[in-house]
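The values are calculated or read from the model by the stated rules, or taken from the named source; none is laboratory data. Computed from a predicted structure; not experimentally measured. All Cβ positions, glycine included, derive from the backbone under ideal geometry; neighbour counts span all protein chains shown.
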Amino acid sequence: MLKSVQTTLAEGVIELGVGHPTLDMLPLEFMQQAAAHRFAQGDPSFLQYGAEWGDGVLRTELAAFLAGQYAFPVDPEELFISGGVSQALDLVCAMFTQPGDTIIVEDPTYFLALDIFRNHRLKIVSVPVDEHGLDVDALSTLVAAHRPRLVYTIPTHQNPTGATLSAERREQLVRLAQEHDFLIVADEVYHLLSYGDPPPPSLTAHVATGQVLSLGSFSKILAPGTRLGWISARADRLETLARNGMVASGGGFSPLGSAVIRSMIELGLLPRYIQGLRDTFRARASALTDALRALPVTFLPPQGGYFVWLTLPDGLDSATLLERAVAQGVRFQPGNRFSPDQTQGHRARLCFAYYAETDLREGVRRLGQAIHATL
Ligand SMILES: Cc1ncc(COP(=O)(O)O)c(C=O)c1O
């Protein structure tokens, strides 16, 4: 049979490597309600080619929603509806870089973004991440040496480490971008998924400088199948994006999906759904970390997002451990998957978003067996 979903999981294996929401948590009923609301309005304009920047009403509703979540004003004129973060990264590279330009990325980082940067023939240089996020002092040395066009960061609940960039480092990063005139591409896909104290303000707070493009997505706060998100940036930056050939030819991204999301916000369903996600993921994160405390691993307890990043016992390589783990019926993502310079061989990423608590505990038990067998 031809497939319909990107990833199908193997029977009997607990796949702690996936970075997806659980199928049965996806908001089928809320979406049905929102679609019925929108379709009943008798206005077919969302079936027409859409405005390049995205539906103006959605941009206005989204700005008000984000302002409520971020606790600072968000201007709808500084929002562009994208096809999600991945598409936004592609668009940003297309409009703001030339082949051979340098992009600085975190090590470790979201590995699939690297392929997008390679597609645009960018030179990838990496900067370390610690428990307070991207190391901005190290970045400052690299910027002087490499004169990057872009710096790609996942500032909040980073994939894979879970680290959040501190408020001081955010300020320092923006100052550095102003001094050296590079663009900060802030992938803020997990910013609204916090389970503990709120993170420092989104980098959207700095768009007026013109140095920041903050990328958001409905993938993790609603459903990956919407394939929609947004870019917050100063209006002149967004004008540049709107001149992209594909946007000019086809219009804004998915007016149909945008129309339904617009009703999700108008009906108050989106914040309700996100609150439910936070409650579920908080409980899952603590089930996973409680179970992990019995294992000879160290990790930063996650404050949000989807992931826990493990440091394995000395001398244990995660690729080797993975082979043993598969035999025990559990999988994870080996650390070097996330590392442009292959520096993360002793690390492993586990996801707590996909499985309920019982499966997470069983997955950790199997992982423990694999670690002991390998040691
Ligand atoms: C850091 C990060 N960025 C982007 C994405 C993908 O975003 P989208 O579905 O909006 O393309 C993911 C999904 O795992 C992610 O973890």
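A few points about this structure:
- Within region 207-251, the set of residues being within 16 Å of the ligand (Cβ to nearest atom), assigned to a loop (DSSP other than H, G, I, E, B) and small (G, A, S) comprises S219, A223.
- Residue within region 75-97 that is among the charged types (D, E, K, R) and within 15 Å of I261 (Cβ to Cβ) present: no
- Condition check for Y110: farther than 30 Å from G50 by Cα, in the same structural domain as P224 (by TED's automatic domain parsing) and aromatic (F, W, Y): yes
- Entirely in region 44-159, the helices (runs of 4 or more DSSP H) that have 1 or more residues that are within 18 Å of the chain's Cα centre (by Cα): 56-70, 85-96, 111-119
- Residues that are among the aromatic types (F, W, Y) and within 16 Å of the ligand (Cβ to nearest atom), drawn from region 290-315: Y306, F307, W309
- Residue in region 360-374 that is touching a Gly at 6+ places or on another chain (Cβ under 6 Å), closer than 29 Å to L222 by Cβ and either in the same structural domain as A287 (by TED's automatic domain parsing) or not charged (D, E, K, R) (or both) present: no
- Within this structure, I103 fails the test of being crowded, with 20+ Cβ neighbours inside 10 Å, under 25 Å from Y273 (Cα atoms) and not assigned by TED's automatic domain parsing to the domain that holds R278.
- Of all residues in region 83-100, those that are aliphatic (A, V, I, L, M) and within 8 Å of the ligand (Cβ to nearest atom) have Cβ atoms under 6 Å from Cβ atoms of residues that are at pLDDT 95 or above and in a loop (DSSP other than H, G, I, E, B), 6 or more apart or on another chain, in V85/V189.
- Filter result for the condition that a residue is in contact with an Asp or Glu (Cβ under 6 Å, 6 or more places away or on another chain), modelled with pLDDT of 95 or more, charged (D, E, K, R) and under 30 Å from V57 (Cβ atoms), over R278, R331, R262, R272: R262
- Complete set of residues in region 131-159 that are in contact (Cβ under 8 Å) with a residue 60 or more places away in the chain and at positive phi: H157
- Scanning region 119-136 for residues that are closer than 16 Å to P160 by Cα and crowded, with 19+ Cβ neighbours inside 10 Å gives S126, V127, V129, G133, L134.
- Residue within region 151-174 that is within 16 Å of the ligand (Cβ to nearest atom), farther than 27 Å from T343 by Cβ and at pLDDT 95 or above present: no
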